[in-house]
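The values are calculated or read from the model by the stated rules, or taken from the named source; none is laboratory data. Small disclaimer: the values here were computed from a predicted structure and weren't measured. FYI the Cβ positions are ideal-geometry reconstructions off the backbone, even for glycines, and counts take in every protein chain you see. In case anyone asks, the SASA skips ligands and DNA or RNA and just uses the protein heavy atoms, side chains included. Shrake-Rupley method; radii C 1.70, N 1.55, O 1.52, S 1.80 Å.
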Amino acid sequence: MRAAFALAAAALLAAPPALAQTPCLSSADAESIALVAMPEIIRDAGRVCAALPARSLLRRTDGPFLAKYDAEADRAWPAARTAIAKLSDPAVELLLMSDYARTMLTSIFAPQITGRIQPADCPTLDRLATLLEPLPARNTAGIVVATLQYLKAEKARGKPASIPDLPVCPADAK
């Protein structure tokens, strides 16, 4: 079961040609997926940025900052699961109901994001995390999605942008 789910999740994240024709995700759908992925991305960034001082926010492995993201990820999972199902084959929908689905998806997705982090990026990322710390996790997810929408629009206008090609609707789409 785990192997089948891993293959299905990998296929979903690889965005095969059939997914290119599916409708884009609304901001709310994309934000729910971001909320589910954020705790693992933050933890993974902390591992990648191990050279940061131990007191830095990204290096913390527990505490109120991560607890806030963990709680919101739990609340967002049902909506994220529904959003992911919109993009996937009907066979994957059953796998998304598995107890392993969320863990498997975040363990595949987080390294795709944190694998782009260079050691020189770590102080800036820690500063960003510190600036975002007082915000509710939902606001941070909204900032991530709005930034992605902006960068996709810039890329569509021919401006250079290195962003993941995720099926997120433009900001003005409803």
| request: Multiply the residue gap between Met97 and Leu131 by 0.36 nm, knock off their C-alpha separation, and tell me the result in nm, one decimal place. | output: 8.7 nm
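Which order do the peptides 26-38, 99-111, 43-55 come out in when sorted by mean C-beta neighbours inside 10 angstrom, highest first? If you can, show how the numbers build up before the last one.
Working: 26-38: 23.1, 99-111: 17.3, 43-55: 15.5.
The most tightly packed comes first, giving 26-38, 99-111, 43-55.
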| query | Which of the aspartates and glutamates could a cross-linker span from Lys155 if the Cα-Cα distance has to be under 12 Å and same-chain partners fewer than 8 positions apart are dropped? | reply | Asp165
| request: Calculate, for segment 34-102, the solvent-accessible area per residue in square angstrom, rolling a 1.4 angstrom probe over the heavy atoms of the protein chains. | output: 51 Å²
| Which ³J(HN,Hα) values, rounded to whole Hz and listed in residue order, are derived for segment 70-81 from phi using the Karplus coefficients 6.51, -1.76 and 1.60 in 6.51 cos²θ - 1.76 cosθ + 1.60 with θ = phi - 60°, glycine and proline given as x? | 4, 5, 5, 4, 4, 5, 7, 4, x, 5, 5, 4
| note | Residues whose modelled amide H sits under 5 Å from the amide H of Val168, counting only those 5 or more places away in sequence or on another chain, are Leu25
| Hey, what do the phi angles of segment 148-161 turn into as Karplus ³J(HN,Hα) couplings, whole Hz, using 6.51/-1.76/1.60 and θ = phi - 60°, x for Gly and Pro? | 4, 4, 4, 5, 5, 5, 4, 5, 5, 7, x, 7, x, 7
